[in-house]
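A short reminder: the numbers here are calculations on the coordinates, not readings from a lab. Owing to the predicted nature of the structure, the values given are computational and were not obtained by experimental measurement. A quick note on method: Cβ atoms are made from the backbone with ideal geometry, for glycine too, and the neighbour counts reach across all protein chains shown.
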Amino acid sequence: MRYLVLSLTILIILTGCQVATTSTSNQTTAIPTKTIPATATDQPNPSSTKTETILPTITATETSQWIWVEATQPSTVTPLPTMTPSSSTNDSLRNLADAHNLNIGVAVNNGLVNEAEYAELLGNEFNIITAENAMKFGIIHPQVDSYDFVAADEIVNFALAHHMQVRGHTLVWQKQMPKWLQYGDWTSEQVSEILYQHIQTVVGRYRGQVQVWDVVNEGITGQGILRNFWYKALGPEYIDLVFQWAHEADPDALLFYNDYSAETINKKSDKIHELLEGMLTRGIPVHGVGLQFHVDLGAEPRLTGVAENIKRLNDLGLQVHITELDVSLPDNPSEEDLFLQAETYRQILGVCLAADNCNTFIMWGMTDKYSWIPSTKPGSGAALIFDENYQPKPAYFALQEVLKTETP
Ligand code: XIL
């Protein structure tokens, strides 16, 4: 039972939301009147008391099952290439990927596209970008009654100017949420209305400019159980609803479920498979699964399991995108570490190219100068394909070689 004053306060806030205009547009969208099915009341969330880590947990079994496609010994490492990236030549990753109809890209934070060196490399080497943070709920919808599209617009405009695609990341996630939402005393109906409004506004704004959305991000625990703020507020039906709402806002956008540690066959990927199979049966517009691929060197998911997982999603008619690949190395990595890292990049791209339903390969950043790894996982870093001085690492050349040698 809510106190009258509290209810009135919420009503006033929501009324404000109803007439809100965005910070960069005059569009006004009324709060929807959609209701959640009767069963969608607050439900216990089995994972709600656990502290969730962002980084994937790789088990010892997975580590030991890592299979090298080419068993090259580190001791036979040839000297590192001294070439410069072939940005303006036919051998840029972007040009090579185009021949494979592959989207190859990186996650980008908005401010960086104004840095000349960064922007030039980005535009030359890649044909797709993901918003690393700019489209997350807390950034794009910081107040109950206002949106801030400045950062997201910068990324989308950069992509448009450089003929790149954009992956929208992400509509529904339990992290980087605004305080007003996370700690507000909202009823299920209000959460539903807020989310509907959010999806219509954000997806609608970038209709035709963002080709793919990560609609739900990390919504399942390692044990294969639904979790998060939205699940607790709205019940399991929230997933069908948000995909339908995103489709309503942009019928041409591809809609993905995205998660970490679901690359190979395990409880989480089993649950994703089961969930999406059910959604397809119910006619829900869902088009694919994003496999994040945040991995530590030496603890990569088993490649045969990854291929099997991608294949079973293909059997459902679903696409797979590699969405957030990075390969963390220990601080001060050796040449051998860099070589092994290159092999990991090479093999993951190989698995994607070999699959009928994988046409997108995205890394979680372009240069080690700007990567989330060192601050998130102290003692690790150097996870990307360009070093801190924008010089290509062995991993860059490994990707280049795969794209050059594999038959398109
Ligand atoms: C990370 C960003 O890279 C960081 O800058 C931010 O501080 C936290 O989020 N899985 C995801 C991404 O889906 O959104 C996360 O991005 C990394 C893990």
| Which ³J(HN,Hα) values, rounded to whole Hz and listed in residue order, are derived for segment 233-248 from phi using the Karplus coefficients 6.51, -1.76 and 1.60 in 6.51 cos²θ - 1.76 cosθ + 1.60 with θ = phi - 60°, glycine and proline given as x? | 7, 10, x, x, 5, 4, 5, 4, 4, 5, 5, 5, 5, 5, 5, 4
| message | How high is the relative contact order of segment 291-408? Use alpha-carbon pairs under 8 Å, at least six apart in sequence, and give a whole percent. | response | 28 percent
| query | Using modelled backbone amide H atoms (1.01 Å from N, in-plane), which distant-in-sequence or interchain residues come within less than 5 Å of VAL210's amide H? | reply | none
| request: Return the long-range amide H neighbours of GLN165 (sequence gap of 5 or more, or a different chain), with a cut-off of under 5 Å between placed amide H atoms. | output: ILE128, ILE129
| note | Nearest-0.05 FRET efficiency for GLU115 and ALA354 at R0 = 30 Å, using Cβ-Cβ distance, is 0.25
| task | Could you pull out the GluC sites (Glu not before Pro) across segment 111-142 that fall in loop regions by DSSP (anything but H, G, I, E, B) with no more than 15 other Cβ atoms inside 10 Å? | result | GLU115
| task | Can you figure out the FRET efficiency of ASP252 with TYR390, using R₀ = 45 Å and their beta-carbon distance, to the nearest 0.05? | result | 0.80
| note | Note, segment 179-187: 3J(HN,Hα) by Karplus (6.51, -1.76, 1.60, θ = phi - 60°), whole Hz, Gly/Pro = x, goes 4, 4, 8, 4, 9, x, 9, 8, 7
| remark: Spelling it out for GLN319: with amide H atoms placed in the peptide plane at 1.01 Å from N, the residues 5 or more places away or on another chain with amide H under 5 Å from its amide H are GLY288, VAL289
| Could you give the distance between the Cα centres of segment 204-268 and segment 87-132, to the whole Å? | 26 Å
| query | Can you pull out the GluC sites (Glu not before Pro) in segment 309-408 that DSSP calls coil and that have at most 16 other Cβ atoms within 10 Å? | reply | GLU388, GLU406
| query | Taking 0.36 nm per residue of separation and subtracting the Cα-Cα distance, what length does fully extending ASP331 through TYR183 add? | reply | 49.5 nm
| field | Formal net charge of residues neighbouring LEU276 (Cβ-Cβ distance under 13 Å; K, R +1; D, E -1) | value | -2
| note | Going through LYS179/LYS377; LYS268/LYS393; LYS179/LYS267; LYS271/LYS311 one by one, the pairs whose alpha carbons sit over 22 Å apart turn out to be LYS179/LYS377; LYS268/LYS393; LYS179/LYS267
| task | Among PRO333, GLN292, SER269, flag the residue with its Cα farthest along the positive direction of the charge dipole of segment 269-335, charges on Cβ as +1 for Lys/Arg and -1 for Asp/Glu. | result | SER269
| message | So the label point goes 7 Å from the Cα of ALA161 along Cα→C-beta, right? Which residues of segment 120-143 then have their backbone N under 20 Å from it? | response | 120-135
